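Bear in mind these aren't lab numbers, they're just calculated from the coordinates by the rules spelled out. Remember, it's a predicted structure, so these values are computed and weren't measured experimentally. No Cβ is skipped: glycine too gets one built from the backbone with ideal geometry, and neighbour counts run over all protein chains shown.
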Amino acid sequence: MIALLPDLSVAPCGFATDKKLRIGRTLKEDIRTIIGKKSLKIYKASLERISGVCTNCMLYKIHKGDCRVESIANYKKFGSPGFLCQEVYEIGLLPKNLLYTSSVRKNKNTGGYK
Ligand code: SF4
């Protein structure tokens with residue numbers, strides 16, 4: 001899914017209002033060029049490099065780490081875990097039966113998530 005925002009820029013979804021998350025501007029580029037851009041592929045690849053609590057989650061195959069835009073906006077990293085679950089996990093309130101093991105292996109590329 002992609003979204004055309006009110007200022008005619010293109011983003012992975014309508015909630016990606018941060019300029020850093022945008023893919024292109026229709027005032028400057030053809031929409032077909034924007035859709036073919038590497039940056040859109042990076043969003044998709046973000047799911048393959050997911051880190052944090054999602055790597056240990058029984059629901060990952062169906063839930064895929066929740067909203068990618070929200071995670072990337074909050075952690076400033078592609079491949080970052082689902083924001084709400086990671087935050088809840090870090091304060092020790094994520095239900096243990098959601099996880100395969102009780103501890104989460106930290107991704108060397110993300111370290112701390114903030
Ligand atoms: S966002 Fe939460 S429920 Fe979804 S895959 Fe990650 S840990 Fe599991």
Two-site label geometry, residue 18 and residue 66: point separation in nm, points 7 Å out along Cα→Cβ: 1.5 nm
How about residue 64: which aspartates and glutamates have a C-alpha closer than 15 Å to its C-alpha, ignoring those fewer than 8 places off in the same chain? 48
Using the beta-carbon distance between residue 41 and residue 90 and R0 = 35 Å, what value does 1/(1 + (r/R0)^6) give for FRET efficiency, to the nearest 0.05? 0.70
Distance cut-off 31 Å, Cα to Cα: go down the list 41/61; 28/77; 38/61; 37/96; 37/76; 37/61 and report the pairs above it. 37/96
